[in-house]
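Participant: Dumping the structure here so I can ask a few things about it.
The values are calculated or read from the model by the stated rules, or taken from the named source; none is laboratory data. Keep in mind the model is a prediction, meaning the values are calculated, not measured. As a convention, Cβ positions derive from the backbone with ideal geometry for all residues, glycine included, and neighbour counts pool all protein chains shown. All accessible areas refer to the heavy atoms of the entire protein, side chains included, with ligands and DNA or RNA removed. Shrake-Rupley method; radii C 1.70, N 1.55, O 1.52, S 1.80 Å.
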Amino acid sequence: MAAKLINLLTAILLLAILVSPARAKQYGDIVVEAASPPNAERSHGYGEYRISVANRSLSERHRVTLTLPLQRYYGCTVTRTITVEPSSTVNVSLFTSVAGGNGLGVEIDGQLQREIIAVDVTGHGYDARPQVLISQGASARAFQSRAGAFLKNKEGNESFYAARSETPVSEWSATWLGYSSYDGVVLTADEMRALPEPAASALVRYVECGGALLVIGSWQVPQPWRIEKQQDGLLSTHNAGFGVCMVSENGAVEGLSKPNWEALGDAWEQSQSPWAPRATLDRDTGSANRVFPVMENVGVPVRGLLLIMLVFVILIGPVNLFVLSKKKKRMWLLWTVPLISLLTCLAVSAYTVFSEGWGGRARYLSYTILDERSHRASSIGLNAFYAPLTPGDGLRYSTETEITAQGSGFDYSDNVPTRTADWTEDQHLETGWVTARTPAHFVIRRSETRRERVTVTRSSDGSLSAVNGLGVPIRNLWLADEKGIVYKGSDIAAGASAILEMTKEHLVTVKDGAFRSAFTGDWMRQVQQPSSSADLVRPRTYIADLDACPFLEEGLKGVKQKKCEARVFGIMKGPGDEN
């Protein structure tokens, strides 16, 4: 271990000598400038590195490939290839999950440039505190010092990690993945109003995916968020999707009470809680597959292979020698030994194919909030894969999906897999993510625009019927009408209509924050062991249990066997909601 540490420190020292001290570099016609995210210590999510590539040539286009980090210590290496037209500039982002290393590599027209741009990729942080992004406006109001006065850990330090933004909100990220590593985001109401529309939409998606947003000042939250509101002094709390939005309505933080600050700290910890070891299938492959098995018996089929090897030894030795001696053809050993060896190899391969097959196996589980009012679907889920042979094309996801690999600790040992990802067209996890005969598990988060819905109509006799517009069959459906009366249906085919049966349950009170509690709690169990679900629905909502995952990407193509489990929490439109 000491030798490995010395080698690592030596590599860092050598890289420090080679790396340019500036974050911008010119390579002939091409000028590349890189900006790092405010915090390099993150416990989950993606770090966004924003790259600007300018072509100063008046006539020639250039093909530029960016690699981050060029010097990798552990984790993942990310690449992206762009074409830069003459006299133009292309702005792109590189997103890294867990990675450690340094240096942005630049390849121009197939030739790797010698000089490296200094970009630090610290990656997976050892700071277990919630990570909070603080805007320039919030920093100017001394938010960190005021929050730190109330929110302290056992050691007397701030119970959160403050990542102060170095850029104005006008330059904030336009994709929610740029905020995915933060458990909280803090900015002022004036900054919220000044946000460009793409950045504002990205923050909305961040909240819907489980984030905690604090707005300092008077700000009108989106209409779907106004229903679940709790007021405590100057702090209003709005549950939104899996996340929460808080507004300090007086425009300052001085008037917030100690319970207000504690509620804010709790919200940050809740956003971080799904990534705790117990919630993320622990830190090794065996634990992950025990919690969410994609293959029941993972391992080498020792008995079968031992039997084949025993037959091989008997045939190639005594049997072969006895037969050839009897025929007085011992010289044939020169070709019978290789032949028996070849047949044994074929037998081993055939046995492996017979026991596991050529095709891979996959298991999917998802929990989705489908808000039919805003046509938004926010999902958290699990993808698990097992392949007898390493998939040649790796995994593919959209560029709006967060993927967190499970069951593989990242350290400085030789066992760390070399993982690569390419973001040129999509999020292509190329190598090292799924290897032969080793289960691979991933937590998935995404927020997207979707038009699926469950349409409810009431007949003249008072009965309630539902049309399944989710695109897949519904196994069980619990639905509460506008009065809070709970109805139940089952086995509703895609596109079919079914009359729902009224239950004896009638909702008297509505529990706020039910969606967030599902996100921060054991959401896997809620999907796998559904109860009557009447304690979760509220007026004009439904819960649908499915045997398919329409809101979760498959990732691995060509899977022969797959198992799917999904729960959809739907919010139906009410009077006054837009179409």
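Participant: Which whole-angstrom value gives the distance between the alpha carbon centres of region 54-122 and region 308-354?
Facilitator: Between the Cα centres of region 54-122 and region 308-354 lies a distance of 54 Å.
Participant: Select from TRP433, VAL486, VAL467 the residue farthest towards the positive end of the dipole of region 394-493; place +1 on Cβ of Lys and Arg, -1 on Cβ of Asp and Glu, and compute about the Cα centre.
Facilitator: The Cα lying farthest towards the positive end belongs to VAL486.
Participant: Give me the accessible area of LYS488, 1.4 Å probe, in Å² rounded to the nearest 10.
Facilitator: 80 Å²
Participant: Here's another thing I want to ask about it. Going by Cα centres, region 158-184 and region 467-509 are how many Å apart?
Facilitator: 40 Å
Participant: Sticking with this structure for a sec: Tell me the accessible surface of VAL106 in square angstrom (1.4 angstrom probe, heavy atoms of protein chains only), to the nearest ten.
Facilitator: 0 Å²
Participant: Just how much of ARG453 is accessible, in Å², when a 1.4 Å probe is used and the result is rounded to the nearest 10?
Facilitator: Here the residue's solvent-accessible area equals roughly 80 Å².
Participant: A further question on this structure: Too long at a 22 Å Cα-Cα cut-off: which of LYS154/LYS258; LYS483/LYS573; LYS229/LYS573; LYS488/LYS573; LYS488/LYS562; LYS154/LYS229?
Facilitator: In this structure, LYS488/LYS562; LYS154/LYS229 lie more than 22 Å apart at Cα.
Participant: Right, another one. Could you work out the local net charge near GLU254, counting Lys and Arg as +1, Asp and Glu as -1, over the other residues with Cβ closer than 14 Å to its Cβ? Could you put the intermediate results ahead of the total?
Facilitator: On the way: positive: ARG141, ARG146, LYS258; negative: GLU249.
Once all neighbours under 14 Å are counted, the net charge is +2.
Participant: If contacts are Cα pairs under 8 angstrom and at least 6 residues apart, what is the relative contact order of region 157-228 in percent?
Facilitator: Details: 59 pairs, mean separation 26.0, N = 72.
After rounding, I find 36 percent.
Participant: Net charge near ASP481, counting Lys/Arg +1 and Asp/Glu -1 over other residues with Cβ under 14 Å of its Cβ?
Facilitator: Details: positive: ARG458, LYS483, LYS488, ARG538, ARG540, LYS573; negative: GLU482, GLU501, GLU505.
Neighbour charge sum, excluding ASP481 itself: +3.
Participant: Now for a different question. Defining a contact as two alpha carbons under 8 Å apart and six or more residues distant in sequence, what relative contact order in percent does region 379-489 show?
Facilitator: Values: 166 pairs, mean separation 31.8, N = 111.
Across region 379-489, relative contact order equals 29 percent.
Participant: While we're here: Is the shape of region 199-281 best called rounded, prolate or oblate, per the rule: a/c under 1.5 gives rounded, else a/b larger than b/c gives prolate, else oblate, with a ≥ b ≥ c the square roots of the Cα gyration tensor eigenvalues? Spell out each step's value before the answer.
Facilitator: Numbers: a/c = 2.14, a/b = 1.33, b/c = 1.60.
Here region 199-281 falls in the oblate category.
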